[in-house]
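The values are calculated or read from the model by the stated rules, or taken from the named source; none is laboratory data. None of these values were measured; they are calculated from a predicted model. Here the Cβ positions follow ideal geometry from the backbone for every residue, glycine too, while neighbour counts run over all protein chains shown. Remember, those area values only see protein heavy atoms, side chains included, never the ligands or the DNA or RNA. Shrake-Rupley method; radii C 1.70, N 1.55, O 1.52, S 1.80 Å.
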Amino acid sequence: EHVFDQISFGHDIETAFLMLEASEVIGIENDEKTQEVSKRMTDHTIQYGWDPLTGATYESGYYFEDKEGMTILESYTQWWASTESFHTMLIMSELYPEDPMGYYDKFTLTWDYCKKYLIDHEHGGWYRTGINEHPGEKDGDKGSVWKGNYHNARSLINCIHILRGKGTEHQH
């Protein structure tokens, strides 16, 4: 059953960041192998689980044996996956500024998606899913048992540090 081995694009792009952070913490900062694997995970999410028109990060996909390529199972966008996406894309833009993947442009598009469809500018907080996909979220509950603000806070704080010219230093 694909429920147990589906691709979670949010978890993949978050793991790409966490591997870089872990290598820094244990003293093997700028490890080429870790950076290479993180880049591949980020690129996979961008290639298969990210909408190049809106900047939305899809929920999940699957490689069916009888089908060519990736099948998107759920194309809606959760708030946390988008925060992990723009954050990791900004880090990749620092590591690979000349890469044809164009990480910085993807960072800005994803951040724009968040500002337009995930952040509640009237009442504060973040909607659980993009209101372009689920307009009812605008009037729904913002919280849930799984909604932890560490995704938002960590991503925003790290992006502020990077954008202020402090390189890829991370706040722990």
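Describe numerically, in nm with one decimal, the distance between label points set 7 Å from Cα along Cα→Cβ at Glu122 and at His161.
With each label placed 7 Å out from Cα toward Cβ, I get 3.6 nm.
Which label belongs to the value computed from this structure, given these candidates for Rg/Rh (Cα atoms, Kirkwood Rh): [x] 0.97; [y] 1.02; [z] 1.52?
Label [x] holds the value from this structure.
What's the local net charge at Tyr96, with K and R +1, D and E -1, over the other residues with C-beta under 11 Å away?
Values: positive: Lys39; negative: Glu36, Asp43, Glu94, Glu98, Asp99.
After counting each charged neighbour, the total is -4.
Give me the percent of the accessible area of the chain that comes from carbon and sulfur atoms, probe 1.4 Å, all protein chains in place.
Solvent-exposed carbon and sulfur of the chain make up 51 percent of the total.
Hey, what's the chain come to in accessible area per residue, 1.4 Å probe, Å²? Mind showing how you got there, number by number?
Working: 9490 Å² over 172 residues.
That works out to 55 Å² per residue.
How big is the charge dipole of the range 13-105 about its Cα centre, in debye rounded to the nearest 20, if each Lys and Arg gets +1 on its Cβ and each Asp and Glu gets -1 on its Cβ?
Computed about the Cα centre, the dipole is about 120 debye.
Just add up the charged neighbours of His11: K/R +1, D/E -1, any other residue whose Cβ is under 11 Å from the Cβ of His11.
Value of the local net charge: -4.
Output the pairs from Lys115/Lys142; Lys67/Lys106; Lys33/Lys106; Lys33/Lys67; Lys33/Lys147 with a Cα-Cα distance over 26 Å in this structure; if there are none, say none.
Violating the 26 Å Cα-Cα cut-off are Lys67/Lys106; Lys33/Lys67; Lys33/Lys147.
So what's the back-of-envelope 222 nm ellipticity for the chain, counting only DSSP H runs of four-plus at -39500 (n - 2.57) apiece and dividing by all residues, rounded to 500?
Calculated from helices alone, the mean residue ellipticity at 222 nm is -14500 deg cm²/dmol.
Using unit Cβ charges (K, R positive; D, E negative) and no other charged atoms, how large, in debye to the nearest 20, is the dipole of the chain about its Cα centre?
620
By average Cβ neighbour count within 10 Å, what is the ranking of 74-80, 86-92, 124-130, 33-39 from highest down?
86-92, 74-80, 124-130, 33-39
Modelled label-to-label distance, Glu36 and Glu65, 7 Å Cα→beta-carbon offset: nm?
For Glu36 paired with Glu65, the spin-label model returns 3.1 nm.
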